[in-house]
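Contents: one structure, followed by commentary.
No value in this document is a laboratory result; all are computed from the given coordinates. Bear in mind that the values here come from a model prediction, so they are computed numbers and not experimental data. Neighbour counts are summed over all protein chains in view; Cβ atoms, including those assigned to glycine, are modelled from backbone coordinates with ideal geometry.
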Amino acid sequence: MASERDVRARLQRAGQEHLLRFWAELEPGPRAALLAELEPLEPEALREHCQRAAAACLRPGGPPPDLAARLRPLSPERVGSASRSDPETLRLWEEEGFHQIALNKVAVVLLAGGQGTRLGVTYPKGMYQVGLPSQKTLYQLQAERIRRVEQLADERHGTRCTVPWYIMTSEFTLGPTAEFFKEHDFFHLDRNNVVMFEQRMLPAVTFDGRAILERKDKVAMAPDGNGGLFCALADHQILEDMERRGVEFVHVYCVDNILVRLADPVFIGFCVLRGADCAAKVVEKAYPEEPVGVVCQVDGVPQVVEYSEISLETARLRAPDGGLLYNTGNICNHFFTRGFLQTVIREYEPLLKPHVAVKKVPYVDEEGNPVKPLKPNGIKMEKFVFDVFQFAENFMAFEVLREDEFSPLKNASSADKDSPTTARQALLSQHYRWALQAGAHFLDSKGARLPELPSLPGSEELPAICEISPLVSYSGEGLEVYLRGQEFQSPLILDENCVRALRS
Ligand SMILES: CC(=O)N[C@H]1[C@@H](OP(=O)(O)OP(=O)(O)OC[C@H]2O[C@@H](n3ccc(=O)[nH]c3=O)[C@H](O)[C@@H]2O)O[C@H](CO)[C@@H](O)[C@@H]1O
């Protein structure tokens, strides 16, 4: 480990020597921890980071004044649709996707380095369970969808294929995530195919460009945003690992969408057949202020304008058909070819501009007392994963139905949107629809048939509770054989055991 002298000299070069101001008071343990935290920070990069943050703070807040004039919706030839395509086209896309999966050419990358501040839990979001009858966590649902999609590809192509799962964590999430996976025996995935890697951290900075000490022996660090993916892929030679495994196509997704279709064969197939090097799944925005980024073009180049960076006026603009003009909501489900990721890492990553978030950052005052600020006092800088869309040669967007594929868990139970309750409802209502489509009937506790209402708005109580394990069905397929014409008491948990019993 570097000595205090070395680290102090490096901090001096970065103009951040104040980070060692309590050194004399620290015991050996905290001293070592502080040095370990400071050692990886390159002086020039740290200086630039702090200066950039302070400069960003001087610029007026809100969206750039000329943004609205530079924005256009995506051109229609760049948009494909799962909801508006005929069954034969969907079948072709799906077939292509399964073909690539069976050839071991598809991997998934989970972005799981975020802190989940809005949800208000201290552990990684993926470990959260929204109160499903099975009590499965988000990580478990995702693991089981991987197992099922592998199985479906194997059945179609007579192979034994693997969809490797790369999980980007941060200092906050790596330890508990790794522990959780071990405790659950990697949800019966081969642990060699689950690769966890860590993104970088950056110090939070005061408005005048000084990195913040959270404690006498600890810098206030935050992950460098989900666009930290590209540096992290390079830091941990993940693309090399993908290359060794023969992976060509990568599905990147965010941790909190309970309906996420990992390695979705339809999306993969669409992207491959259209020759996309980069693509994003989108849903129709639910309302103008919905906190989702908008996939659109800026100066003719495909990009995402984040919800925090679009003006309300622009978000509310209407198209001639009465719908929102900027209607294509980003659901943080992206497709990249490995080749594109390689080019990004080699050429474009340094061009990604960090986004600025002004936050309340706990700190120690000059006397060393901990302070919890009541108003924002610090700046966090984050890169965004979608900022690489502008470098794609053939960018495509792919529209999917919200009720099929998007219900994010962002807020605590008290919120009326994007909460554990709405996520649970979305999943159960999807499974209830699948069961009805497959011909199931539900009974109340007295044996009377319950009403069958397949298209309920999300907030309504479902007539019956039905949860279908991803190990039984990935996207509603294969259920008729168990359910057609059968009557079930609510709640029904259709898992592997239940299926075995139904078979016999
Ligand atoms: C920048 C970005 O993608 N924004 C999207 C994100 O917004 P949103 O603001 O919801 O983004 P989050 O902060 O939840 O992060 C998205 C994902 O990135 C991960 N993460 C975040 C920060 C970090 O340093 N490391 C990391 O891995 C999170 O764990 C999460 O899986 O999801 C919305 C849909 O739900 C989209 O409409 C937004 O356009």
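Loop-only trypsin sites (Lys or Arg not before Pro) in the range 104-166, please: DSSP not H, G, I, E or B, and at most 13 other Cβ atoms within 10 Å. Don't skip to the end; give the middle numbers.
Details: sites: Lys105, Arg118, Lys125, Lys136, Arg145, Arg147, Arg148, Arg156, Arg160; in loops: Lys105, Arg118, Lys136, Arg160.
Those satisfying the criteria are Arg160.
If you count the DSSP beta bridges with both ends in the chain, what percent of them are antiparallel, to the nearest 5? Please report the intermediate quantities before stating the final value.
Values: 37 of 66 bridges.
Given both bridge residues lie in the chain, the antiparallel proportion sits at roughly 55 percent.
Put simply, the amide H of Leu74, placed in the peptide plane, has neighbours under 5 Å in Gln297, leaving out anything fewer than 5 places away on its chain.
Within the range 402-504, report the GluC sites (Glu not before Pro) that DSSP leaves as loop and that have at most 16 other Cβ atoms within 10 Å.
Glu452, Glu460, Glu461, Glu477
All Cα-Cα separations within the range 422-494 were binned at 5 Å from zero, giving a P(r) of 3, 18, 31, 26, 16, 5, 0, each value a whole percent of the pairs. For the chain, the longest principal axis of the C-alpha atoms and the axis of helix 174-183 are separated by about 40°. Near the amide H of Ala211, within less than 5 Å, lie the amide hydrogens of Thr206, all on another chain or at least 5 residues away, with H placed in the peptide plane. Taking 0.36 nm per residue of separation and subtracting the Cα-Cα distance, full extension of the segment from Gln151 to Ala501 would add 124.0 nm. Relative to the 2.2 N^0.38 Å rule of thumb, the range 299-400 has a C-alpha radius of gyration ratio of 1.48.
Work out, step by step, the length gained on full extension between Glu17 and Glu347: first 0.36 nm times the residue separation, then minus their alpha carbon distance; give nm to one decimal. Working shown, then result.
Values: separation 330, 0.36 × 330 = 118.80 nm, distance 3.25 nm.
Value of the extension gain: 115.5 nm.
Between helix 138-157 and the chain there is an angle of about 50 degrees, using the helix long axis and the longest principal axis of the Cα atoms. Between the helical axis of 87-102 and the longest alpha-carbon principal axis of the chain there is an angle of about 60 degrees.
Evaluate the Kirkwood expression for the hydrodynamic radius of the chain, namely the inverse of the mean inverse distance over all pairs of different C-alpha atoms, and round to one decimal in Å.
Details: mean 1/r = 0.0408 Å⁻¹.
Kirkwood hydrodynamic radius for the chain: 24.5 Å.
Remark: the range 193-336 carries a charge dipole of roughly 180 debye about the Cα centre, counting +1 on each Lys and Arg Cβ and -1 on each Asp and Glu Cβ.
The trypsin sites (Lys or Arg not before Pro) of the range 293-363 include none that DSSP puts in a loop with a beta carbon having at most 10 other beta carbons within 10 Å.
Put the Cα centre of the range 286-347 next to the Cα centre of the range 390-451 and the gap is 23 Å. Any idea which of Thr89, Leu71, Val109 is furthest toward the positive side of the dipole for the range 1-118, if Lys and Arg beta-carbons carry +1 and Asp and Glu beta-carbons -1? Of the candidates, Leu71 comes out farthest on the positive side. Taking the charge dipole of the chain about its Cα centre, with +1 at Lys and Arg Cβ atoms and -1 at Asp and Glu Cβ atoms, the residue from Ala415, Ala286, Ser455 reaching farthest to the positive side is Ala415.
Simple spin-label estimate for Arg191 and Glu313 gives 5.7 nm between the two label positions (7 Å along the Cα-to-Cβ direction from each Cα).
What area, in nm² and to one decimal, does the C-alpha convex hull of the range 54-171 cast on average over all directions?
Values: hull surface 52.4 nm².
Taking a quarter of the hull surface, the average projection is 13.1 nm².
Our helix-only sum for the chain, with -39,500 (n - 2.57) per DSSP H run of n ≥ 4 divided by its residues, gives a mean residue ellipticity at 222 nm of -9000 deg cm²/dmol.
A Cβ-based charge dipole, computed about the Cα centre of the range 259-302 with Lys and Arg at +1 and Asp and Glu at -1, lands at about 200 debye. Converting phi to 3J(HN,Hα) with the Karplus coefficients 6.51, -1.76 and 1.60 and the offset θ = phi - 60°, the range 346-354 yields 5, 10, 9, 3, x, 7, 5, 8, x Hz in sequence order, with x at every glycine or proline.
When the charge dipole of the range 207-324 is built from unit charges on Cβ atoms (+1 for Lys and Arg, -1 for Asp and Glu) and taken about the Cα centre, the candidate among Pro223, Thr314, Val301 whose Cα reaches farthest toward its positive end is Pro223. Both radii come from the Cα set of the range 240-356: Rg as radius of gyration, Rh as Kirkwood radius; their ratio Rg/Rh reads 1.00. The magnitude of the dipole of the chain, with charges of +1 and -1 set on the Cβ of Lys/Arg and Asp/Glu and taken from the Cα centre, is near 520 debye. For Val195, the residues whose amide H sits under 5 Å from its own are Trp165, Tyr166, Ile167, ignoring neighbours fewer than 5 places away on the same chain, with H placed 1.01 Å from N. Taking label positions 7 Å along the Cα-Cβ direction at both Leu103 and Ser445, the computed distance is 5.5 nm, reported to one decimal.
When only Cα pairs below 8 angstrom with a gap of at least 6 residues are kept, the range 417-504 shows a relative contact order of 35 percent. Can you give the relative contact order of the chain as a percent, counting alpha carbon pairs under 8 Å and 6+ residues apart? Answer for the chain is 18 percent.
The Cα center of the range 171-219 and the Cα center of the range 54-84 differ in position by 31 Å.
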